[in-house]
Each structure stands twice: as C-alpha cells, then as structure tokens.
Amino acid sequence: MKINSFLSCKLMVLIFILSGCSSNNIITSETKDPFEKLNRKIFNFNKKIDQKIVAPIGSAYEENIPAAARNAIGSHLDWVDTPSTIFNSTIQMDLKNTILSSAKFMLNGLTLGFYDLDKGETAIKKKDFGSTLAKFNVPEGPFLMVPILGPKMTRDFTGTIWNKYIMTNVSSDSLNNLTLLETPLETIDTRSKISKTIDNIYESPDPYVKLRSYYIQNRRNKVYGKNYVDFKNNKSDEEFEKLLE
Amino acid sequence: MLISKTINLTKSLKNYWNKIKDFFLIVLLFVLLLPLPNQVFAEELEKSNQLIEEMIIKSKKHAIETLELNKEERSQKITPLIRQYVNLDFMARATTGSFWSKANDEQQLRYKDALLHQIVNTVEEHLNTLATLTYTPLNSEFRGKKIIYIRGKIEDKSKNNPPINLLWKLAKSQNETMSIIDLEIEGISLVTSHKSEVMSILRKNKGDFDYLIERLNIKK
C-alpha cells in the first residue's frame, strides 16, 4: 500500500513536470504533440483492443439490451459518478453545481440512480479533477494516448489518477466496490453510445489526428466552457473572414 | 445699450436654437436610418434560418425516400443537395491552409471532389438517425460583416438519446447566395478537425496534393 502511494506520488510529480512543458495559455496549438510517435503506437494498440474486444461487446450490448434498460444503466453510471462532481464543484467553489448535484445524487439515490426522478430537468455540469486543475490555471500539457484509457491531456490524466485516489478515500467502501465493478460496464455503455463517431474516426484518412482533434475540442469545451467557445469562435471568424475576402 | 443687449440675446438665442435644431435633425436622421441596416440584418438572419430548416426537411425527405436504395445510389442522390447548401470552394481552402495556393487547378478540383465525397459519406451514415430526430432552431446572430451563426438542436422524441447542439456557420458565396461554411456538433468543428487531418498529411509529405487526394479516396 505504502509502495503504491509512493509510486503514485512519483507519477503525479512526473506528470506535473510534463504539464509544465506547455505554456499557460488556455488555447495552445492543437497540433502540438511532442509524443506523436509513441502516441500513434499506443493508438494502434488501443484500436486493436477496441476492434477485437470492446466494439463487438458494445454492439452486442446495443442489439440485445432494450433501449429503456440501456438508459437505466447509463443513468445509474452517471449517478455513481456524481460524488466526483460534488467534490470537484466544491473545490472549484461552484456553489450552484455543488448544491444541484448533491440534491440530485440524494434524490436519485432512492432508485440507486437507475431511474432519473428529476427527468433531466436539472442541468448539472460534470466535473472531474482535471477541470479542477484547469480552474487553478494548471496548463493542459501535451496530448497523451494512454493504453486502454485512450486520449488524455497530461493535466487530465493527472486528474483521472487523483480523482480515483481521492474518491477512493472519501467515498464509502460499498460505493468504491460498485465503481470498480462498473468500470467495464461504463466502457461498454460509452462505446455503444459513440459507436458511429468511432467508426467515422477509423474510416478517416488519419484516424489518430482525427481522434486527437475531436478529443481536444471536446475537452476544452467542457473544461473552459464559454471562455474557450468565445475565443475559438473569434479566432475562426477572423480566419474565415480573410478567406471570404 | 438695451437695444444692443437685446440684439445680442436674440442672436445667441438664435444660435442656440440652430444648434438644438441641428442636434434634433441628426438624432432624427439617426433614428430613421438605424432600422435600415437592422432590417437588412434581420432579413438575412431570417433567410439563413429558413435555409437550414429547408435543408433539414429535404434531407429527412431524402432519407425516407431512399430507404430501399443501396449506399452508392443514396450517396449519388444526396450529392446535389450537399452541393446546393455547402460552400465547397470555401471549405476546400479553409481545410488546406497555405497549401491551397500551391496546388494546381486540376489538383484543387480533385481535392474538392474528394472533400465532397467525405461530406456525403458522413451525412449518409447519419441520415437514418436524422429521420427519427426533430430539429429545433435556437438562435441566430451576425458575426462581423459576413458570417452568420445559426444555433439549433436535434432531439430524440423517444428521449433515448440526449439532445445534440448544432452550430451552423453561414456566409454569402460568390453568387451572393447563403451557404454553409462550417458545422459544429456539440462544439466540435468539422472544418477544424478535417483541417488537422489534411494539414498533418500535407506537412508530412511536403505538400504533396496528389498523395493527399489518394489518401482521401482510399477511404471513399
């Protein structure tokens, strides 16, 4: 246990150093990818695992489980993930999100999250430790392709590990066991939900670059919200206006 | 003395009156002219909104009418629809950056053709899903002098899937008609992601357009 903690601390320090490799500007060049060679190898490995194991299970899941049951499972998986949102919203001092997510977590706890009693009326922003680090101006760092886990920015990878570590310590044992059991289910559920997007990525001329672009745009939208959207739109408007002249 | 004072007062009053008159004239002119550009902008926005809704209706109709056809026949049928609404010339230039000017006319034409096929394939893959969804326009705005943003969302009536936010970017093409220059799905820009891919291939192959077109066509 002590060795594990020591190793994870060392890993955090290393990842933080890597995060520091980039500028603090929220919008760095999307194509900045110092580990591209290694990332491409890991991408090919992940793709093989996905095509041979995850995708077939995902499509079988989609074909054999009725939509209502899949929705219930998806809703339950969101519920299991809510303590992380509550915790990170608190650190980020997002009072509204903390209160709303806590209330929703307690309300849906009556059905173990399998049925959304709120019927999606309360909009909650999902927050993880990566977004908390972003809130405290930790740079996003280079793009990484992590074996099995897939694409991550260095900061978000740190966040994922910390999130797991912190949530293991603050959550009850039963919830932790449940989360552990449900990780494979979450992978399959997510894969079935985004199967068309993944097929579209695999069919593109450079699937690695397409995945990287989709991931970075999506992640920045989630982490920086309106700030990033405004910045990105202004930049693209400028570029487009020049082309239209 | 009194007379000269009165004359001076009258003069200054006249001056004041003239100034007030000028001011009100300017205000009146401003008030009268202000709605003109606003009206033009509003009309342009309205037209753009209609264009998107019209395109969605036509796409849905196409999806239903071509259900029995095979993929190739369906693609052939939707190609004119995409040509009508998408500014291919703009997209080709936007996705190739500075490399565009280095390509010859023939390469530029072939690239546009390959790009069109890519768009057709992507649309084709999602067409059946689109037929079951409903589109709701949200808002629209002018961005600068030439670009219009149209925001909307597509929703699943059965609520099995979460709503998807769309942002259409439109601009006037050379023949003065509005056309789509980019589409963002849940904040992911199609032009940006396609540009990343294209630029990565071009940079690694010293701007070889023939190789790029070959790569794009393999995946047709």
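The values are calculated or read from the model by the stated rules, or taken from the named source; none is laboratory data. Because the structure is predicted, anything quoted here is derived from the model rather than measured. When we count neighbours, we look across all protein chains shown, and the Cβ atoms used for this are built from the backbone with ideal geometry, even at glycine.
If you go through region A:192-245, how many residues are of a type in the set (Ser, Thr, Tyr) and farther than 24 Å from A:Glu36 by Cα? Residues that pass the stated criteria total 5.
So for region B:118-131 (the condition being surrounded by fewer than 19 Cβ atoms within 10 Å (Cβ to Cβ), more than 22 Å from the chain's Cα centre (by Cα), modelled with pLDDT under 85 and away from chain A (no Cβ under 13 Å)), does at least one residue qualify? Yes, that holds for at least one residue. Only residues that are over 19 Å from A:Lys119 (Cα atoms), touching a Ser or Thr at 6+ places or on another chain (Cβ under 6 Å) and either modelled with pLDDT under 90 or more than 13 Å from chain A (Cβ to nearest Cβ) (or both) were counted across region B:153-173, and they come to 1. Tell me yes or no: at least one residue of region B:143-152 is of a type outside the set (A, V, I, L, M, F, W, C), under 30 Å from A:Asp189 (Cα atoms) and modelled with pLDDT of 90 or more. Yes, because at least one residue in region B:143-152 is of a type outside the set (A, V, I, L, M, F, W, C), under 30 Å from A:Asp189 (Cα atoms) and modelled with pLDDT of 90 or more.
Taken over region B:170-210, the criterion of being without any contact (Cβ under 8 Å) to a residue 24 or more places away in the chain, of a type outside the set (A, V, I, L, M) and outside any helix (DSSP H, G or I) is satisfied by B:Asn175, B:Glu176, B:Thr177, B:Glu184, B:Glu186, B:Gly187, B:Ser189, B:Asn205, B:Lys206, B:Asp208. Only one entry of B:Asn139, B:Asn161, B:Asn217 meets the criterion of being surrounded by fewer than 17 Cβ atoms within 10 Å (Cβ to Cβ) and either touching a helix residue (DSSP H, G or I) at 6+ places or on another chain (Cβ under 6 Å) or β-branched (Val, Ile, Thr) (or both), and that entry is B:Asn217. Please go through region B:191-212 and pick out each residue that is of a type in the set (A, V, I, L, M) and at the interface with chain A (Cβ under 10 Å from one of its Cβ atoms). Those that are of a type in the set (A, V, I, L, M) and at the interface with chain A (Cβ under 10 Å from one of its Cβ atoms): B:Val191, B:Val198, B:Met199, B:Ile201, B:Leu212. Total residues in region B:174-192 satisfying the condition of being within 23 Å of B:Gly144 (Cβ to Cβ) and either in contact with a helix residue (DSSP H, G or I) (Cβ under 7 Å, 6 or more places away or on another chain) or of a type in the set (D, E, K, R) (or both): the figure is 13.
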